[in-house]
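Below is one structure; the comments refer to it alone.
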Amino acid sequence: MADLIVVAYENEEKAEAARQELLKLQKEYLIELGDAVIAVRQEDGSIKLHQLVNTTLTGAASGGLWGGLVGLLFLNPLLGMAVGAGAGALAGRFTDVGINDDFVKQASSALGIGQAALCVLVRKVTADKVVADMSKFGGKVLWTNLSTEQEEKLQAAIKGA
């Protein structure tokens, strides 16, 4: 079962540094991430999400490739690429991968202006090594599906920073 953890930070830079550290730890096989989204409270009060994967760009690239190949069949690969890229970008725009965007916005609703939250979907983890490494970023646990005991241990490790 995957664990979902939402940690608040005082600014977007700190949340992004924490996400980059998690990605580094993933390369060291200490953690396996399903998703890692940063939510930032804007000046107007809205919440902006910074996804790990840009589905619009991925869809446009894939659609352009397939559109170009189909366009070759009809002797007009440029038109096929343009149509395919547009359709792929549109499909990617409405695709939600990993953590549900509405949930991230709801879980991040307690943030103040300029604050950020890192929402992480963890599939596997070597908890003692990862928590010790991530504690240097501080933060406050906003939400988690961990047991109460595990959540208290996580919060204590983060506060120990």
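The values are calculated or read from the model by the stated rules, or taken from the named source; none is laboratory data. Every value quoted in this text rests on a predicted model; they were computed, and no experiment measured them. So basically every Cβ, Gly included, is an ideal-geometry build from the backbone, and we count neighbours across all protein chains shown.
Set side by side, the residues VAL97, VAL83 differ, and just one is surrounded by fewer than 19 Cβ atoms within 10 Å (Cβ to Cβ), assigned to a loop (DSSP other than H, G, I, E, B) and modelled with pLDDT under 70, which is VAL97. Considering only residues of segment 11-55 that are more than 19 Å from LYS140 (Cα to Cα) and among the β-branched types (Val, Ile, Thr), which is modelled with the lowest pLDDT? So, considering only residues that are more than 19 Å from LYS140 (Cα to Cα) and among the β-branched types (Val, Ile, Thr), the one modelled with the lowest pLDDT is THR55. Does segment 128-137 contain at least one residue that is in contact with a strand residue (DSSP E or B) (Cβ under 9 Å, 6 or more places away or on another chain) and part of a strand (DSSP E or B)? Taking every residue of segment 128-137 in turn, none turns out to be in contact with a strand residue (DSSP E or B) (Cβ under 9 Å, 6 or more places away or on another chain) and part of a strand (DSSP E or B).
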